[in-house]
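**Q** What follows is a structure written as structure tokens; I'll ask about it next.
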Amino acid sequence: MQVYVLKEGDALHQQFCKDILRIFPHQLQAGWDRLVFSGTGEAPRVVNSKEEMIRAVSNYPGAIGYLFKEDSSHENIKSIIVE
């Protein structure tokens with residue numbers, strides 16, 4: 001499985017971290033860093049836009065990422081709506 005995230009300064013990334021994960025973006029990054037530096041995990045791939053997120057997730061079987069609800073309709077992407 002490949003995990004994709006938007007860059008740390010992106011408004012959607014900040015909202016996703018705060019509203020869904022209930023942590024700050026820097027806390028998410030610190031968690032990934034611990035996994036990477038301990039050798040127990042792999043960092044997510046960072047994408048620069050929602051269009052890049054759509055391309056990445058739709059072209060990599062088993063990939064996971066996040067988008068606004070209105071941007072999540074795509075024929076090659078299975079959406080799970082979190083409210």
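**Q** Over the Cα atoms, compute the radius of gyration (one decimal) and Dmax (the largest Cα-Cα distance, rounded to a whole number) for the chain, in Å.
**A** 12.8, 37
**Q** Please give, to one decimal in nm, the separation of the simple spin-label points placed at SER73 and GLU42, each 7 Å out from Cα toward the Cβ.
**A** Inter-label distance under the simple model: 3.3 nm.
**Q** Separate question: In whole Hz, what ³J(HN,Hα) sequence does segment 38-54 give by Karplus (6.51, -1.76, 1.60; θ = phi - 60°), x for Gly and Pro?
**A** Values per residue, Gly and Pro as x: 7, x, 9, x, 10, 5, x, 8, 8, 10, 9, 7, 5, 5, 5, 4, 4 Hz.
**Q** Where does each of HIS74, HIS26 land when they are ranked from fewest to most other beta-carbon atoms within 10 angstrom?
**A** Result, fewest neighbours first: HIS26, HIS74.
**Q** Please list 3J(HN,Hα) in residue order for segment 16-22, calculated via the Karplus relation 6.51 cos²θ - 1.76 cosθ + 1.60 where θ = phi - 60°; whole Hz, with x for glycine and proline.
**A** 4, 4, 6, 7, 9, 7, 6
**Q** So for the chain, taking the charge dipole from beta-carbon charges (+1 Lys/Arg, -1 Asp/Glu), which of TYR4, LEU35, MET53 sits furthest toward the positive end?
**A** LEU35
**Q** Rounded to the nearest 0.05, what FRET efficiency is calculated for SER58 and HIS26 with R0 set to 30 Å and r the Cβ-Cβ distance? Present the calculation step by step, with values, prior to reporting the outcome.
**A** On the way: r = 29 Å, r/R0 = 0.97.
With a Förster radius of 30 Å, E is 0.55.
**Q** Mind ordering 37-46, 10-19 by average Cβ neighbours within 10 Å, highest first?
**A** Working: 37-46: 11.6, 10-19: 15.1.
Top of the packing list down: 10-19, 37-46.
**Q** Now, a different point. Give me, ordered by chain and number, the residues 5 or more places off LEU6 or on other chains with an amide H under 5 Å from its own placed amide H.
**A** VAL47
Bear in mind these aren't lab numbers, they're just calculated from the coordinates by the rules spelled out. Predicted model only: the values in this text are computed from it and were never measured. Here the Cβ is made from the backbone with ideal geometry for all residues, glycine too, and neighbour counts use every protein chain on show.
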